[in-house]
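Below is one structure, written out as structure tokens, with a few remarks after it.
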Amino acid sequence: MDIARAAAGLFMRNGLRATRAEDIARAAGIAPRTFYRYFASKEESLGPLFAAGSQRWAEMVRDAPAHLTVPEALHHAVVQTLTPGVGVRQESLQWVRSLLRLAEESPVLLRVWGEACHTAERTLAEVLAARIPAVPGAGVEAAGSPVPGAEVQAAGAPESGDRAPDGHPLPYLELSPELRLSAAVASAAVRVAVEAWAAGDAPATGPAGPVALALRNLGSLRDFPWHAGQATN
């Protein structure tokens, strides 16, 4: 992470093309040989920074209060991770904006961002596998749901969900296609919001900020059958 922060600082000050892996190593206080022990290229050095933010959102869904429905847990995680001064510093969001703009100019850096998002998506699928069977009120509208129209649709879903015989969530590749789709849809809603905000000049708070955009995207999924993810393979 120290190398990733050093790389981000140099990329934003000097640009991607003007920054060499040797420059990053020097800024991080390590030898170039040590840099290449961790990363194959200067662009890949941003991987830990991208991963930290995207993984944190997935993990915040896991840490959301157990009584929340899936849409409510997703709402909770967005607010807790993207609100300046709550789950992220204002300057960190500006770093995200600058780095995502750089990624649009670099296929390699865009791939690093995409890999971080995909890894977080896999984590979210495993998180949902653990949360979905525990959500109460199947088949009724979630009372007081922060996401408009967030219904819990679990009719016909088996109570066991995507779980191994010992009760633990299954590894990602053994989860049902329905649950993996749920994670992909939720992840895309938040990723697109962050990317759209980063592409513009709106402040991090307000109706055009990443939180508002992400909640709007999630709200448009009010009819998505989140609990169909309980279907077994």
In nanometres, the difference between 0.36 nm per residue of separation and the alpha-carbon distance of MET1 and ARG20 is 5.1 nm
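Roll a 1.4 angstrom probe over the protein heavy atoms and tell me the percent of accessible area of segment 1-124 that is carbon or sulfur. Working shown, then result.
Values: 3220 of 6130 Å².
C and S atoms contribute 53 percent here.
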For segment 48-118 the GluC sites (Glu not before Pro) that pass both the DSSP coil test and the at-most-16 other-Cβ-within-10 Å test are GLU104, GLU105
Counting only protein heavy atoms and rolling a 1.4 Å probe, one gets per residue an accessible area for segment 1-46 in Å² of 58 Å²
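How about segment 19-57: which trypsin sites (Lys or Arg not before Pro) there lie in a loop by DSSP and see at most 14 other Cβ atoms within 10 Å?
Within segment 19-57, the qualifying trypsin sites (Lys or Arg not before Pro) (loop, at most 14 other Cβ atoms within 10 Å) are ARG20.
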Here, GLU105 and ALA31, labelled 7 Å along Cα→Cβ, have an inter-label distance in nm of 3.3 nm
Nearest-0.05 FRET efficiency for GLU174 and HIS118 at R0 = 25 Å, using Cβ-Cβ distance, is 0.90
Rounded to 0.05, the calculated FRET efficiency for the beta carbons of SER92 and ALA40 at R₀ = 35 Å is 0.85
For VAL88, the residues 5 or more places away or on another chain with a placed amide H closer than 5 Å to its own amide H are THR83
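The values are calculated or read from the model by the stated rules, or taken from the named source; none is laboratory data. Just so we're clear, the structure is a prediction, and the values are computed from it rather than from any experiment. So basically every Cβ, Gly included, is an ideal-geometry build from the backbone, and we count neighbours across all protein chains shown. Quick note on the areas: whole protein, heavy atoms, side chains included, nothing else; ligands and nucleic acids left out. Shrake-Rupley method; radii C 1.70, N 1.55, O 1.52, S 1.80 Å.
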